[in-house]
Amino acid sequence: MKVLLLIAVFLVLSLVGFWIVARVLIARLSSEPLGTFAEVRGETIHYVDEGQGSAIVLVHGASGNLGDMELRLAPALRAAGHRVITIDRPGLGLSSRNDPTLNEITAQADLIVALLDELGVQAPTMVGHSLGGAVSLAMAVNHPERVGQLVDISGVSHSWGGEVWWAYGLAGIPVVGSFFINALMPIVGLALFESSVDGTFYPEPALPGYSEKTQTEMIMRPRTFANNAADVRALDEGVAALQTGYANLTQPFDVVFGTEDYVSPELHAAGLERDAPGAKITLIEGAGHMIHHTQFETVRDIILAAAARNNE
C-alpha cells in the first residue's frame, strides 16, 4: 500500500509540475495586435486593412494567423496598388471563437462575408492558403456574388478520408483532451516547434526567423490549439459537402500547388481540375506547401493577375 501511495503522490506531483511549467510557457505566448478589431456576429475579429485600390483578401491556413500573410505577401500586394485585408480566422491568432460551430469552413466563410459587409467590401479577390483555401472555396460556392476572383494556394478541396494527426484527435476527447492541451502540448509542442515549421516548408527550407516574425507559436496556447484541432477534424466532412458545388464554379480561378506538397496536389488540384470547370491549375515543380513564401514571385504575380481581372 505504501508503494502504491508513493506512486500516486509521484504521479500527482508530476502532473502538477507539468501544469505549472505549461502555465509559465503559455504566459510567454502573448501577442500585440498588428491590426484592429471588429465585432461581427458575436465574435471579435482581428484584421489588418491597409492600402488603396481594388480589394484583395488573404486567408491563412491551419495553425497560423494573419502574420503569415503580413510577412511578405500583403505588403507586396499593397505596394502594387491594392487594398489588402488579412484576417485572423475565428479562434486563431487574436480572433475569438464563442460559437463552437465556427470550426466549420462554411461558418467561417459566412463570418468573413459579414466582416466584409462591415468593411464595405463587395466582391474582392479572395486568396486562401491551405485550410484558408477551403474557406475561400466555401465562399465561392455559397456566396458566389461576393467573390470577384479566387486564388486557391495549396488548398484542401476534396475528402481524403478524414485521418488527422493524433494530437488533433486526442485534443477532442473530453477531460483527457483538456489535460493534454493545457499541460502537455505547450511543453512538447514548443520543444518541437521549429522542427514542425521545417516540416511545413519541406522539401524547401523554412524562412529564417519565420516563427518569430509571424508569431506562429501562438498556436500552442491551449484554446487556440483546441480551436485549430477542431478545424482540422471538421475539414474532411466540410470539403466533402462542398464538392457537389464545384460544378458551379464556371468563372476562371487559379489553383496553385507545389508538386511536393504534403497536402496532395494529386487529390486536391487534380480534383478541382476535374470537378470545377473554371479551375486553372499551376503546378510548381519541386515546391512544397508554403509556396506563398518559397515561390513568392510566382504566387504574387498570379494573385496580381487575378486582381487585374477583377478590375475589368
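Some observations on this one:
- As a summary of the residue check, residue 217 satisfies the conditions (1) modelled with pLDDT of 90 or more; (2) among the acidic types (Asp, Glu); (3) in contact with a Gly (Cβ under 9 Å, 6 or more places away or on another chain) except for the one numbered (1).
- Of the residues making up segment 219-239, not a single one is more than 16 Å from the chain's Cα centre (by Cα) and closer than 18 Å to residue 153 by Cα.
- Selection over segment 174-214 of residues that are surrounded by 13 or more Cβ atoms within 10 Å (Cβ to Cβ) and part of a loop (DSSP other than H, G, I, E, B) gives a count of 5.
- Any chance residue 244 is within 18 Å of the chain's Cα centre (by Cα), among the hydroxyl-bearing types (Ser, Thr, Tyr) and part of a helix (DSSP H, G or I): no
- From the list 244, 294, 298, the one residue that fits, being touching a strand residue (DSSP E or B) at 6+ places or on another chain (Cβ under 9 Å) and either free of Cβ contacts under 8 Å to residues at least 12 places away in the same chain or surrounded by fewer than 17 Cβ atoms within 10 Å (Cβ to Cβ) (or both), is 298.
- Applying a threshold of 6 Å to beta carbon distances and a minimum spacing of six or more residues, or different chains, the list of pairs starting in segment 179-201 at a residue that is farther than 24 Å from residue 60 by Cα and ending at one that is in a helix (DSSP H, G or I) and not aromatic (Phe, Trp, Tyr) reads 180/170; 182/222; 183/22; 187/21; 187/22.
- Segment 94-121, subset in a helix (DSSP H, G or I) and of a type in the set (Ser, Thr, Tyr), residue farthest from residue 61 (Cα to Cα): 101
- Single residue of 169, 91 found to be assigned to a helix (DSSP H, G or I), touching a helix residue (DSSP H, G or I) at 6+ places or on another chain (Cβ under 8 Å) and under 15 Å from residue 230 (Cα atoms): 169
- When 252, 222 are checked against the criterion of being surrounded by fewer than 22 Cβ atoms within 10 Å (Cβ to Cβ) and either small (Gly, Ala, Ser) or farther than 16 Å from residue 94 by Cα (or both), a single residue qualifies: 252.
- Residue list for segment 63-93, filter: among the hydrophobic types (A, V, I, L, M, F, W, C), buried (at least 22 other Cβ atoms within 10 Å of the Cβ) and touching a residue at least 40 places away in the same chain (Cβ under 8 Å): 69, 73, 77, 87, 92
- Listing of helices (runs of 4 or more DSSP H) fully contained in segment 261-312 that carry 1 or more residues being within 23 Å of residue 54 (Cβ to Cβ): 291-294, 296-310
- Pairs with Cβ under 8 Å, 6+ apart, first in segment 265-277 and within 18 Å of residue 248 (Cβ to Cβ) and touching a residue at least 40 places away in the same chain (Cβ under 8 Å), second among the acidic types (Asp, Glu) and not in a helix (DSSP H, G or I): 272/152
The values are calculated or read from the model by the stated rules, or taken from the named source; none is laboratory data. Just so you know, these numbers come straight off a predicted model, no measurement behind them. Using ideal geometry, Cβ is built from the backbone for each residue, glycine included, and neighbour counts are taken over all protein chains shown.
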